[in-house]
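Following: one structure in structure tokens, then a few remarks.
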Amino acid sequence: MQQTNRLRNSLMAASLFICLLWWIKLAESFLGLDFGMVGVTPGQTSGLLGILTAPLLHGSYAHIFSNTLPLLVLGTLLLFGYPRSWWLALLFIWPLSGLGVWLFAREATHLGASGLSHGIFFYLFVSSILRRDKLSVALMMIGFFLYGGMIMSIFPREPEISFESHFFGALAGVLASLLFQHRDPKPERQKYQWEDNNEEAEDPVIGDEWQLSRQASEANKGDQKAD
């Protein structure tokens, strides 16, 4: 029951964040606004604000559609699997990915939450390798099956896609996993009864007869030497 409630709460929190993204995009469309001015513009002081605001903004409906499902799935996996460190991971990935874009990206306005989704994916991926417990590996298998292509999307592909956001989001996710992976305790491993039995345990059939036989043999040897 506790696991079910945690999963439901994780899904709800990820859904609320996606609703926020859609409300911002709808407000931009219906009110005739243009939020592109607060995206990340590399090398420009005015573009520094975009480090915080760019993940909330999208250039088109196709753009926000492409980010919706990955954020929903990966965000839910993160919140469910890492209840103590997810917020630290996001606080690390969000600004660091934007800062990397501002410092090193091409001259353009960079928008979208794809850097955030890539950061979450790589956090899950690297954490599963480092922790190697059943839960983290299972969550990563789900994420990798659905979005394993993110490993390749950190490299340049199409000019209109900000691969820099993907790359620096992934880098931030890797660093966050190295820093925060131990914040969440590993699930207790189920032990079976036979694992608790040590090598000296009595055999259920012969009991301690073998020890008595050995003692008798040593006593006979001692008597022979005395003779």
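The values are calculated or read from the model by the stated rules, or taken from the named source; none is laboratory data. This structure is a prediction, so every number in the text was calculated from the model and none was measured. Quick reminder, even Gly has a Cβ in these numbers, built from the backbone with ideal geometry, and neighbours come from all protein chains shown. Keep in mind that these areas ignore ligands, DNA and RNA; they rest on the heavy atoms of the full protein, side chains included. Shrake-Rupley method; radii C 1.70, N 1.55, O 1.52, S 1.80 Å.
Per-structure values
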{"quantity": "Residues (open to solvent by 80 Å² or more (accessible area, probe 1.4 Å) and in a helix (DSSP H, G or I)) located in the stretch 21-41", "calculated": "W23, F30, M37"}
{"quantity": "Residue match in the stretch 86-107 (condition: among the hydrophobic types (A, V, I, L, M, F, W, C), touching a residue at least 12 places away in the same chain (Cβ under 8 Å), part of a loop (DSSP other than H, G, I, E, B) and surrounded by 20 or more Cβ atoms within 10 Å (Cβ to Cβ))", "calculated": "yes"}
{"quantity": "The stretch 11-34 residues that are touching a residue at least 12 places away in the same chain (Cβ under 8 Å) and aromatic (F, W, Y), paired with ones that are assigned to a helix (DSSP H, G or I) and surrounded by 12 or more Cβ atoms within 10 Å (Cβ to Cβ) (beta carbon under 9 Å, 6 or more apart)", "calculated": "F17/L71; F17/L72; F17/G75; W22/I64; W22/T68"}
{"quantity": "Matching residues in the stretch 148-170 - criterion: being assigned to a helix (DSSP H, G or I) and either hydrophobic (A, V, I, L, M, F, W, C) or crowded, with 18+ Cβ neighbours inside 10 Å (or both)", "calculated": "M150, I151, F163, E164, S165, H166, F167, F168, G169, A170"}
{"quantity": "Count - residues of the stretch 113-136 that are part of a loop (DSSP other than H, G, I, E, B) and either at pLDDT 95 or above or of a type in the set (V, I, T) (or both)", "calculated": "1"}
{"quantity": "Some residue of the stretch 115-127 being open to solvent by 40 Å² or more (accessible area, probe 1.4 Å) and closer than 21 Å to G149 by Cα", "calculated": "yes"}
{"quantity": "Of all residues in the stretch 44-83 being in a helix (DSSP H, G or I), free of Cβ contacts under 8 Å to residues at least 40 places away in the same chain and of a type in the set (S, T, Y), the one that is nearest to S128 (Cα to Cα)", "calculated": "T53"}
{"quantity": "Per-region count, the stretch 68-85, residues open to solvent by less than 30 Å² (accessible area, probe 1.4 Å) and either in contact with a strand residue (DSSP E or B) (Cβ under 7 Å, 6 or more places away or on another chain) or among the hydroxyl-bearing types (S, T, Y) (or both)", "calculated": "3"}
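This table checks each residue for (1) at pLDDT 75 or above; (2) assigned to a helix (DSSP H, G or I); (3) open to solvent by less than 40 Å² (accessible area, probe 1.4 Å); (4) more than 30 Å from W87 (Cβ to Cβ).
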{"site": "A138", "(1), (2), (3), (4)": "yes, yes, no, no"}
{"site": "I142", "(1), (2), (3), (4)": "yes, yes, no, no"}
{"site": "A172", "(1), (2), (3), (4)": "yes, yes, yes, no"}
{"site": "E195", "(1), (2), (3), (4)": "no, yes, no, yes"}
